[in-house]
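Trainee: Pasting in a structure now, in structure tokens, and then I'll have a few things to ask.
The values are calculated or read from the model by the stated rules, or taken from the named source; none is laboratory data. All values reported here derive from a predicted model rather than from experimental measurement. Reconstructed Cβ throughout: ideal geometry from the backbone, glycine too, with neighbour counts over all protein chains shown. With ligands, DNA and RNA removed, areas are computed over all heavy atoms of the protein, side chains included. Shrake-Rupley method; radii C 1.70, N 1.55, O 1.52, S 1.80 Å.
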Amino acid sequence: MAYLYPRQLVQYRLRVVRDSEQLGVAQAARRYGISRFTIYAWRKSVQPKKRGPKSVVSWQTDVDTVALILQMKLATGYGPKRLKPELELVGVQVGEKAIRGVLERAGLVVNHHKKRVKKKHRFYAPYPGYRLQVDTKAVPDTGIDLRSPDRYQFTAIDIASKIRFLALYDSLSNYNSIMFVRDALEFFRDIGIIVECVQTDNHATFTNLYLGGNKRADHELQRVHPLTHFLLNQNIEHKLSRPGTPQHNDFVERSHRTDGEEFYRLVNLGSYDNETLRLEMKRWQFDYNYLRLHSSCQNMPPMKHYYDVLHTGA
């Protein structure tokens, strides 16, 4: 059988095994001129084997826990890392590896190809108030062109504590940006966070530096943006991210992704007017700050992590 290719060899062994099951091992061995022990060995090698333990063991996840994991996955869309603390809140102790196994067997895990990225330096945020990232997000109303939406979400997030402040406006304007930053500074001041720096992107709502021309070319600041004037009067630095690099505003951009997955996906935007949506947005802001577990906050809500860890350690 040395002349057989590997695939042909497997097919040959399968045929011998099938004949041994029909005719018996002894008769199949005489027909093919091979040993009975060879046929027994081929049976073990070609027959599919069941993965995992052959019977129920103590460390296997029970049926009720499996059902609870699948229910929480379908309701929240969380991965194993986020589901583990959520299960602990209801008194269920399951490891991340076991949760991942349950999700993989149910076909709820998508293995994305990871792109090769350059090594990045760890972002430096020594204390709350060190930097506030501010950005806008078009409200994804159904049936409305996102290039000219009717409503915008303004977001401010403290990069150290991950506490957020949200507001809804009907347009992008200098006045709205100043009013939002003013309310955000007051919100953080009320909880004991004094903001030292506000970081934004280079949109005309926040800066006049890149008005017209190529962003890669040298620009001369013709006049100071009203938002920068307002922050300078408050003794607060206005920092701009590098053009064309949204990853420099990564904290607020990542929070916008969470808004889309856990807030806008669950509300009926078509039936909400601005006042109703503002009320729902404030409820979502409370849930995000006080109830939602955050992995970078030691699996605690941002506000609890601030008062229990950051504020006491300051």
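Trainee: Tell me, which residue of the range 222-253 that is open to solvent by 80 Å² or more (accessible area, probe 1.4 Å) and among the charged types (D, E, K, R) is farthest from residue 294 (Cα to Cα)?
Mentor: Looking at residues that are open to solvent by 80 Å² or more (accessible area, probe 1.4 Å) and among the charged types (D, E, K, R), I get 223.
Table: residues versus (1) among the aliphatic types (A, V, I, L, M); (2) over 27 Å from residue 264 (Cα atoms); (3) modelled with pLDDT of 90 or more.
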residue	(1), (2), (3)
1	yes, yes, no
11	no, yes, no
29	yes, yes, yes
61	no, yes, no
74	yes, no, no
77	no, no, no
109	yes, no, no
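Trainee: Looking at the range 287-309, is at least one residue over 30 Å from residue 73 (Cα atoms), in contact (Cβ under 8 Å) with a residue 60 or more places away in the chain and out of contact with any Lys or Arg (no Cβ under 6 Å at 6 or more places or on another chain)?
Mentor: Within the range 287-309, none of the residues are over 30 Å from residue 73 (Cα atoms), in contact (Cβ under 8 Å) with a residue 60 or more places away in the chain and out of contact with any Lys or Arg (no Cβ under 6 Å at 6 or more places or on another chain).
Trainee: Considering the range 189-207 alone, what residues qualify as being open to solvent by less than 20 Å² (accessible area, probe 1.4 Å) and free of Cβ contacts under 8 Å to residues at least 60 places away in the same chain?
Mentor: 202, 207
Trainee: Does any residue of the range 126-149 turn out to be modelled with pLDDT under 90, open to solvent by less than 30 Å² (accessible area, probe 1.4 Å) and in contact with a helix residue (DSSP H, G or I) (Cβ under 8 Å, 6 or more places away or on another chain)?
Mentor: Yes, there is a match, as at least one residue in the range 126-149 is modelled with pLDDT under 90, open to solvent by less than 30 Å² (accessible area, probe 1.4 Å) and in contact with a helix residue (DSSP H, G or I) (Cβ under 8 Å, 6 or more places away or on another chain).
Trainee: Right, next: Select from the range 164-174 the residues that are at pLDDT below 95 and touching a Pro at 6+ places or on another chain (Cβ under 8 Å) and list them in ascending order.
Mentor: Once the filter is applied, which keeps residues that are at pLDDT below 95 and touching a Pro at 6+ places or on another chain (Cβ under 8 Å), the range 164-174 yields only 174.
Trainee: Select from the range 69-87 the residues that are basic (Lys, Arg) and crowded, with 17+ Cβ neighbours inside 10 Å and write down the one among them that is farthest from residue 296 (Cα to Cα).
Mentor: The selected residue is 73.
Trainee: With (1) under 44 Å from the mean Cα position of the chain (by Cα); (2) at pLDDT below 90; (3) surrounded by 12 or more Cβ atoms within 10 Å (Cβ to Cβ) as the list, and residue 47 as the residue in question, which single condition is left unmet?
Mentor: Unmet for residue 47, out of (1) under 44 Å from the mean Cα position of the chain (by Cα); (2) at pLDDT below 90; (3) surrounded by 12 or more Cβ atoms within 10 Å (Cβ to Cβ): (3).
Trainee: Give the number of residues within the range 293-307 that are surrounded by fewer than 16 Cβ atoms within 10 Å (Cβ to Cβ) and assigned to a loop (DSSP other than H, G, I, E, B).
Mentor: 1
Yes/no matrix, rows are residues, columns are (1) modelled with pLDDT under 90; (2) buried (at least 18 other Cβ atoms within 10 Å of the Cβ); (3) aliphatic (A, V, I, L, M):
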residue: 255; (1), (2), (3): no, yes, no
residue: 259; (1), (2), (3): no, yes, no
residue: 265; (1), (2), (3): yes, no, no
residue: 270; (1), (2), (3): yes, no, no
residue: 276; (1), (2), (3): no, no, no
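Trainee: What pairs come up if the first residue lies in the range 156-170 and is farther than 13 Å from residue 256 by Cα and open to solvent by less than 20 Å² (accessible area, probe 1.4 Å), the second is charged (D, E, K, R) and assigned to a strand (DSSP E or B), and their beta carbons are under 9 Å apart, counting only those six or more places apart or on different chains?
Mentor: 158/164
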